[in-house]
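Below: one structure, written as structure tokens.
What follows is calculated from the coordinates using simple rules that are stated; it is not laboratory data. As the structure is a prediction and not an experimental result, all values here were calculated from the model. Note that we place each Cβ from the backbone using ideal geometry, even for glycine, and neighbour counts take in every protein chain shown.
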Amino acid sequence: MRIVLGITGGIAAYKAPELVRLLKKAGHEVRCAATEHALEFVTRVTLETVSGAPLYSDLFASGRTEHISLKDWGEMLVVAPATANIIGKVAGGIADDALSTLLLAFSGKPVIMAPAMNCEMWAHPAVQRNVATLKSWGIRMVGPEEGELACGVSGVGRMAEPEAIAAAVCTATCSRRLQGQRWLVTAGPTYERIDSVRFIGNYSSGKMGFALAEALAKEGAEVELVSGPTALKIDHPQVKVTRVESAREMYAAATEVFPRCNGAILSAAVADYRPAECADHKLKKNGSEGMHLELVQNPDILATLGSMKQEGQTLVGFALETDNEEANAQRKLEKKNLDYIVLNSLRDKGAGFGVDTNKVTIIGRDGSHNESPLMSKQEVAGLIINTVTS
Ligand code: C5P
């Protein structure tokens, strides 16, 4: 989507370049329009560099009618930060500079504002009335949030974080094909404790699972993301993250939510075994050359969901195979009562654990084969979602 980002003169303007980056990362084209005051906080060069397009800030620059061409170009206008001033101007129909003129010309298309100001200004009846007016015209507000403000006090007035604004843009722009559906996604590794400081784990980063959760949410689904230990974060209003550590905790969380879901995609790298006992202190060297660790089997979450599956539910598993890939994946699909299995081969360079790219073959119960080229995990996630929900 072609998005115009309007920036007004609040301290939070320093976060605008990050918002441009996030919007571009989500696949949007971005052009910036800034007020004169905004340029006290963030420079023209920064905005032109991150957006890759000239900045619109001067209504009278060489006889241009940029507010008209930008209005025609843009499919959505996001104002972040939006000061009390711009909110008041739009509510009052005032167009006295580049951005306010563009805002009035931008009628009939979606507008999102992220207000940011001192908490007393935000609470002022004039601002509240103006915000209510803009909302009644269909302008969406994201935030403001409660927190520390630039003036040193704490209160409601902080601009929503760029991630939250980008998520609101996504909610407003994405297709709603999966609206009303709920999906479970498992992601990341599991840690199986040996003692109070050690565990058995694996190299899974969780990137594939997080990309799947995001792709489902983009299509309008509510997502229950059950993740093993990972540093990844997701900030989407439709994704509920439950963080777990061990396979047994993941099992408990996944089996609890699955009956309420339309489908589940299990991308987590779950440990097949765990230590039979977990010491509540740090195990010490005992003087002998070796050490035996007794392992016991973990529950298979995917197979359990396969046995719980009801008519109309879709179950998708992952398989990471090193030999006889297709035959093993096919066997797993049948044994665990899956509808699809996504085969990752460790032989493919750039695919698998930790990296940002992946290459998969999606095998369906109906015998369908869908092989992807090497793509970003976001693109692979989109392909998987399209295949298993169509
Ligand atoms: O049988 P295998 O471990 O190769 O199967 C991999 C698939 O099964 C993945 O989708 C993984 O998330 C899931 N799995 C599971 N619980 C386990 C082991 C694997 O859900 N204990």
Given charges at beta-carbon only (K, R positive; D, E negative), |dipole| of region 182-388 in Debye = 360
ask   = What residues of region 98-131 lie in the reach of a label at E40, counting those whose backbone N is under 16 Å from a point 7 Å from the Cα along Cα→Cβ?
value = 116-118
task = Have a look at the DSSP beta bridges in the chain and tell me what percent are antiparallel, nearest 5.
result = 30
task = For each pair in K25/K71; K233/K359; K218/K240; K233/K282, compute the distance between the two Cα atoms and list the pairs where it is over 19 Å.
result = K25/K71; K233/K359; K233/K282
query = Radius of gyration and Dmax for the chain's Cα atoms, expressed in Å?
reply = 25.3, 86
task = Give me the distance in nm between label points sitting 7 Å out from Cα along the Cα-to-Cβ direction at K240 and K282, one decimal.
result = 3.9
ask   = If Lys and Arg each add +1 and Asp and Glu each add -1, what is the summed charge of the other residues whose beta carbon sits under 13 Å from the beta carbon of N298?
value = -2
request  = Can you figure out the FRET efficiency of W73 with R21, using R₀ = 30 Å and their beta-carbon distance, to the nearest 0.05?
outcome  = 0.90
inquiry  = Let me test this: with uniform point scatterers at the alpha carbons of region 280-357, what is the Debye-based log₁₀ I(q)/I(0) at q = 0.16, 0.18, 0.21 1/Å?
reply    = -0.77, -0.84, -0.96
task = Set the Förster radius R0 to 45 Å, insert the Cβ-Cβ distance between Y14 and V296 as r into 1/(1 + (r/R0)^6), and round the FRET efficiency to 0.05.
result = 0.25
remark   = Residue span A327 to A150: 0.36 nm per residue of separation minus Cα-Cα distance leaves a gain in nm of 57.7 nm
ask   = What FRET efficiency, computed as 1/(1 + (r/R0)^6) with R0 = 35 Å and r the Cβ-Cβ distance, is obtained for V355 and W137, rounded to the nearest 0.05?
value = 0.15
ask   = When every alpha-carbon pair in region 182-388 is counted, what percent end up more than 32 Å apart?
value = 17
request  = For helix 325-335, report the angle its Cα long axis makes with the longest principal axis of the Cα atoms of the chain; keep it between 0 and 90° and round to the nearest 10°.
outcome  = 80
query = Does anyone have the angle between helix 125-136 and the longest principal axis of the chain? Alpha-carbon axes, 0 to 90°, nearest 10?
reply = 70
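Tell me, R176, R31 in order of fewest to most beta-carbon neighbours within 10 Å?
Ordered from fewest to most neighbouring Cβ atoms within 10 Å, R176, R31 come out as R176, R31.
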key: Cα centroid of region 83-161 to Cα centroid of region 173-195, whole Å   = 34
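How long are the semi-axes of the equivalent ellipsoid of region 2-173, taking √(5λ) for every eigenvalue λ of the Cα gyration tensor, in whole Å from largest down?
22, 18, 16
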